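Taking it in order: structure first as structure tokens, then the write-up.
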Amino acid sequence: MSTGARRSDPRRQLGNTGEDAAAAWYLARGYDVVDRNWRVREGEIDLIVRRASTLVFCEVKTRSSDRFGSPVEAVTSVKQRRLRKLAMLWLEAHRGTRCELRFDVASVTPGGDKPAVDVVENAF
């Protein structure tokens, strides 16, 4: 599949919109975006942000509706374990990072001019 085809994928566009909205939510609250879409063979971390001594690994779930449940419900125990493993891999790759860790889930629903963002802090 060509790069152009991936960019025009409506699901990818929806996901990018959600990640942008979640990043803006954190920035508005004084966080710095440390990394986005950090990928390794084992998976991807959507958003990593930091404020003071707290480093947050955030899973962003964007849905166009709640027809199949809320976005937060999509972060199963299997996904939580994978995110913890990915966080440890990120920390190994960024040696010297000392901080408190937190795992959030950002639930994003597009609508009107501005997507609705609901962040569950310390979700797991």
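Data table
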| read-out | value |
| --- | --- |
| Matching residues in region 35-56 - criterion: being of a type outside the set (A, V, I, L, M, F, W, C) and either out of contact with any Phe, Trp or Tyr (no Cβ under 8 Å at 6 or more places or on another chain) or at positive phi (or both) | ARG36, ASN37, ARG39, ARG41, GLU42, GLY43, ASP46, SER53, THR54 |
| Residue count for region 71-108, restricted to those that are within 21 Å of ALA24 (Cα to Cα) and either polar (S, T, N, Q) or touching a Pro at 6+ places or on another chain (Cβ under 7 Å) (or both) | 2 |
| Test for GLU59: is it in contact with a Lys or Arg (Cβ under 9 Å, 6 or more places away or on another chain), of a type in the set (Asp, Glu) and under 15 Å from GLU121 (Cβ atoms) | yes |
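Any read-out appearing in this document is the output of simple, stated calculations on the displayed coordinates, not a laboratory observation. Treat the numbers as computed from the prediction; the structure is a model and nothing was measured. Please note: Cβ atoms are built from the backbone with ideal geometry, for glycine as well, and neighbour counts cover all protein chains shown.
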